[in-house]
Amino acid sequence: MTVYNGKAQTTTNLARRFVLIDAGKTAAASIAGAAGLSMFASQPTEAAGTPAWPWSYKKLDPETVYWKAAAFYYPSGCCQAAFEAIITELGHPYTSVPTGMMRFGEGGVVGWGSHCGALNGAAAAIGLVHKDPAIHGKLITQMNGWYTESLGSGSVLCHVSVTEWAKANGVKVESQERKDRCSRVSGEVAKKAVLLLNAQADDA
């Protein structure tokens, strides 16, 4: 499990990830293009031929989703990044949903530092996959619990998570280091959501 809540908490191949995330900033448009969608603007609604919701779920590769969300963070913010990484991997009909609507969650909801935007985006994706409140409620609760223990300094709040991480690492909240950290967090949250969705699919 990747943990970014402190200097001593690292993952295997973390150094490689840092190099690749920098490359991801430059290659972000190519990543989205490979998915057949632009990450710089919301895709058009595919109204024609969209089946009735809820839609079927196919298991996704968590690492692919991680890198997409990490790259999507830079132009789109944490909330849209987590949501869009999952949705683009699921494909149609999920891609009929305009991902740009999730931009509101950036910085803990338009910069207010409330509920982590990556959690908001990933939770929206989970809710889109599972219409049943009993199922999506269970998965989102598990995701929130994991976040508080691993990334959020005991809280789901953006300002707590960011402030505590910045203090622990001796950087300013507005620094590039913090932005890069939130890119990685967007990836980790989207990845965790996929792991939960995949496990639910196995249990179904």
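The values are calculated or read from the model by the stated rules, or taken from the named source; none is laboratory data. Since the structure is predicted, the reported quantities are computational estimates derived from the model, not experimental observations. Reconstructed Cβ throughout: ideal geometry from the backbone, glycine too, with neighbour counts over all protein chains shown. Surface areas here come from the heavy atoms of the whole protein model, side chains and all, with no ligands, DNA or RNA. Shrake-Rupley method; radii C 1.70, N 1.55, O 1.52, S 1.80 Å.
In order along the range 147-154, phi translates into HN-Hα couplings of 4, 4, 7, 9, 10, x, 6, x Hz, rounded to whole numbers, per the Karplus curve 6.51 cos²θ - 1.76 cosθ + 1.60 with θ = phi - 60° and x for Gly and Pro.
Judged by the mean number of other Cβ atoms found within 10 Å, the most tightly packed of the peptides 183-196, 154-167, 76-89, 111-124 leads the ranking 76-89, 183-196, 111-124, 154-167. Distances between placed amide hydrogens fall under 5 Å for residue 115 paired with 158, all partners being 5 or more residues away or on another chain. Heavy-atom accessible surface of the range 117-161, averaged per residue, reaches 36 Å², computed with a 1.4 Å probe. Over the range 92-204, the Kirkwood radius and the radius of gyration, each from Cα atoms, give a ratio Rg/Rh of 0.99.
Counting charges near residue 77 (Lys, Arg +1; Asp, Glu -1) among other residues having Cβ under 9 Å from its Cβ returns a value of 0.
Taking the protein heavy atoms of the range 139-204 in the context of the full set of protein chains, the accessible area attributed to carbon and sulfur is 52 percent at 1.4 Å.
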